[in-house]
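Values in this text are rule-based calculations from the coordinates and carry no lab data. Quick caveat: nothing in here was measured; it's all calculated off a predicted structure. Neighbour counts are summed over all protein chains in view; Cβ atoms, including those assigned to glycine, are modelled from backbone coordinates with ideal geometry.
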Amino acid sequence: MQQLPEHSVYQVQESKETADAVAYAFLQNTGEPVQYPYKYPNIADDDVRIRILYTGLCHSDCLHSRGLWDPTIKYPSCPGHEVVGLVEKVGTGVTKFKVGDKVGCNPQRWMCQTCELCKKGDNQLCSKGIFLYDDNNFGGYSTHIQVGERMVFRIPEGFNDALGSPLLCAGVTVYAPLKRYYKPNFTCAVIGIGGLGHLAVQYAAKLGMTVTAFTTSKNREQEIKRLGASFLSSSVDVESLKAEQGKYDIVINTLYIENEEIFKSHQRLTAPTGTYILVGLPPSKVNFKLDHAYIILNQIRVAGSLIGNYDETQEMLEFSAQNNIYPIVETFEFEDFPKAFDKMEKGQAKFRCVVNVGKWAQANGLWK
Amino acid sequence: MATKEHSVYKLVPKEEAEGFAWSFEGPNTEAVLYPFKFPAIQAHEVRIQQTYFGLCYTDCHLVNQDWFPINYPSVPGHEILGHIVMKGDKVTQFQIGDLVGAGFIRDSCGKCKYCIQGNDQLCGQMGDEHFIPLPKFGGFATHVQFPAKWAFPIPNTLPQNLTPPLLCAGITVFAPLKRYFNPKKEVAIIGIGGLGHLAIKFSAALGMKTSAISTSADKEQEAKSYGAIDFIVSKDPQQMAKASGRFDIILNCAHASTVDEFIAQTNLLKNGGDFIMVGIPAVNKVELQLPFFQLVCRQISFIGSLVGSRQENYEMIAFANKHKIYPTCEEFQFENFKNAYDTLLNGRPKYRCVVKVGNASETLKQ
């Protein structure tokens, strides 16, 4: 077996027998991730070590690990930020959780809790916040994850663990802005029915809005209507988009659109005084054009939104459990992590890929 | 003298005129005098004899077809002030002689969702009757006739020669400042011109910590005299860097001339902040581009605002009156309208052009 490279934080091991955990890590920006057994540094006072049950795969994992966002990324890199698991060990100062608790992790690793934005409640915008695999920390593509308790979430009773891990990123990413800007009688447009969009449809419908799904997949009409959409329309046909101009009080765009004309038509779906929400992130640092004349003449808000804050995330977990809102997932075995990643990278996931980590971890003696 | 006749306003010999307008017969032309008769006044309308009127760059954009093609002849103008000289049968809220003002909006239906919510400036039901400056005659005239609904009573404590710009520039900045107001917010006003100088005054009077951002270092004293607590020169990268992420609200009263300048403006916004846009530049000028990343990861919003509702206008007038908030104006005589328009179009007025109508409607008959 090839010699695995060292890591600045974790002690690489020759085999899983001596390891605290086994990750699937990328060793360079191309190729498949490989198994990487490792030991943690000592657990910090406020850290929680979690046995991962399920990990969701999110497209931004690709953008990160392939170095598309930051070409200076250090390897080995272990992404993943949609985690459901069980507390295995706690630091001496941990008060919120105990061993055995069912918990979740989202993309944020740490918030300072003292800056103006944290105090206002928007910790995801924390000026000193770090994200799960910043500073080369390992994320959720692993049998374990170790995170400060302040960024660990309680998984509510009745939560479907096998389906729910993608909610920690995809779920809150659409739930938080919908909740922030909606009113119950609004008409809602969801642009792009993929991982984010198919959850947005469910939340929007459950919040009481009339939902139109804008998609290229007319053939999935029945399925999308079952999720809660009342109508379907094309997300790319400029003529039909023009016919929908100004009809939607709230528009949530989950896609990254390169075509200027289509992107403009999307902005124009927004009704006067309405809100156009952007959540999708592009592969690189590209610009988009604001249709400022339309925005000014109609008093539109074009709002960006980044995951959600702590309370919004916790609320989303509870709302999802109570209302049975989960993604449609394809589940893979732990050893098929590379296959899951590949499917997700190629955009073939219907709608999210999830890895059943716990089963392998337990069977292979990683729950020590 | 005008040669092109408008379908609604009969072009007449000056001795028979009910009003005199300054009319544009094509884009990028000089205005010509248009003596006219009104169509019969409708039951819900008022006719105003103006004392003063204002000029706004939007009028230039309209006349020169910077945004969309228009019909000629065109008499724009939408900062109107004068006394009611005639009213339709159904007008009960005003008497002959009342001093009223009007702005960009001519009419609203009162029945649609937006009207009922209180956003009657956004009423989409009025077609050609929506806006004052076109296609009917607007404020560049001795007399104007329009629905009483959008006439605002003007208190006699407001100086008349300074009031007209409040009805467009004033409301344009006051409405969003009030809409997004919070006593703890830090506000930045970009651009100390026609809109910006009023915005600083309104924002400071509303009690928010207000800073002014300008390309001109020499406007600092002036900005502070309006109530700004801080002044940042946008061409100075150090000052801009120091102010990075400082403001909850940015009210943009000046167009960025490059994408980099626009991005530099947005850097001043706090994460989660609101960037308010009110001025519409010529369509093919600068595209407002922003990296997706900035918008999403910093969770910032771009928000448009269009003048204000009637309610917001009433509040603005009362607020300006109470706090003595007036624009700085350059005054012209009605007969020298061309100078006023040219100063606006090609010069840099300080800060709004106002035309004194006086007794022009009498003297021009001779």
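Looking at the range B:166-233, which trypsin sites (Lys or Arg not before Pro) are DSSP coil and have at most 11 other C-beta atoms within 10 Å of their C-beta?
On the way: sites: B:Lys178, B:Arg179, B:Lys184, B:Lys185, B:Lys201, B:Lys209, B:Lys219, B:Lys224; in loops: B:Lys184, B:Lys185.
Sites meeting the loop and neighbour criteria: B:Lys184.
Please work out the Cα center distance from the range B:258-321 to the range A:16-33, rounded to the nearest Å.
Taking the Cα centre of the range A:16-33 as reference, the centre of the range B:258-321 is 46 Å away.
What is the dipole size for the range B:1-132, taken about its Cα centre, with +1 at each Lys and Arg Cβ and -1 at each Asp and Glu Cβ, in debye to the nearest 20? Intermediate results must be reported in sequence, preceding the final value.
Details: 10 positive and 16 negative charges, 64 e Å.
So the magnitude is around 300 debye.
Calculate the dipole size of the range A:170-304 relative to its Cα centre from +1 charges on Lys and Arg beta carbons and -1 charges on Asp and Glu beta carbons; express the result in debye to the nearest 20. Walk me through the numbers on the way to the answer.
On the way: 15 positive and 10 negative charges, 91 e Å.
In debye, rounded to 20, the range A:170-304 gives about 440.
Using amide H atoms built 1.01 Å from N in the peptide plane, name the residues 5+ places from B:Gln333, or on other chains, whose amide H lies under 5 Å from its own.
Close amide H contacts, sequence-distant or interchain: B:Lys356.
Give the separation of the Cα centroids, the range B:31-52 to the range B:175-216, in Å.
If you average the Cα positions of each part, the centres end up 36 Å apart.
Count neighbours as other Cβ atoms within 10 Å of each site's Cβ, and list the chymotrypsin sites (Phe, Trp or Tyr not before Pro) in the range B:17-78 that are DSSP loop with at most 16 such neighbours.
B:Trp67
Among A:Ala176, A:Gln362, B:Pro291, which residue has its Cα positioned farthest towards the positive end of the charge dipole of the protein assembly as shown, with +1 placed on the Cβ of Lys and Arg, -1 on the Cβ of Asp and Glu, and the dipole taken about the Cα centre?
Of the candidates, A:Ala176 comes out farthest on the positive side.
Along the charge dipole of the range B:1-146, pointing to its positive end and built from +1/-1 on Cβ of Lys, Arg, Asp and Glu, which listed residue (B:Ala40, B:Leu55, B:Asn71) has its Cα farthest out?
B:Ala40
Would you mind ranking B:Ser23, A:Ser233 so that the residue whose beta carbon has the fewest other beta carbons within 10 Å leads the list? Intermediate results must be reported in sequence, preceding the final value.
On the way: B:Ser23 28, A:Ser233 19.
Lowest to highest Cβ neighbour count: A:Ser233, B:Ser23.
Rounding to the nearest 20 debye, state how big the charge dipole of the protein assembly as shown is about its Cα centre with +1 on each Lys and Arg Cβ and -1 on each Asp and Glu Cβ. Please list the in-between numbers first.
Values: 73 positive and 74 negative charges, 243 e Å.
The dipole of the protein assembly as shown has a size of about 1160 debye.
Do any trypsin sites (Lys or Arg not before Pro) in the range B:2-111 lie in a DSSP loop with no more than 15 other beta carbon atoms within 10 Å, and if so, which? Mind dumping the intermediate values first?
Details: sites: B:Lys4, B:Lys10, B:Lys14, B:Lys37, B:Arg47, B:Lys87, B:Lys90, B:Arg106, B:Lys111; in loops: B:Lys4, B:Lys90, B:Arg106, B:Lys111.
Hits after loop and neighbour filter: B:Lys4, B:Lys90, B:Lys111.
Go ahead and estimate [θ] at 222 nm for chain A from helices alone: -39,500 (n - 2.57) per DSSP H run with n ≥ 4, summed, over the residue count, rounded to 500.
Numbers: 12 runs with 94 residues, N = 368.
Result for chain A: -7000 deg cm²/dmol, rounded to the nearest 500.
Name the residue from B:Val187, B:Tyr351, B:Ile171 whose Cα lies farthest towards the positive end of the charge dipole of chain B, charges +1 on Cβ of Lys and Arg and -1 on Cβ of Asp and Glu.
Projecting each Cα onto the dipole axis, the largest value belongs to B:Val187.
Pull up the DSSP beta bridges for chain A and report the antiparallel fraction as a percent, rounded to 5.
Values: 35 of 62 bridges.
Of all bridge pairs located within chain A, approximately 55 percent are antiparallel.
Excluding residues on the same chain fewer than 8 positions from B:Lys87, give the aspartates and glutamates whose Cα lies under 14 Å from its Cα.
Excluding near neighbours in sequence, the set is B:Glu45, B:Asp98.
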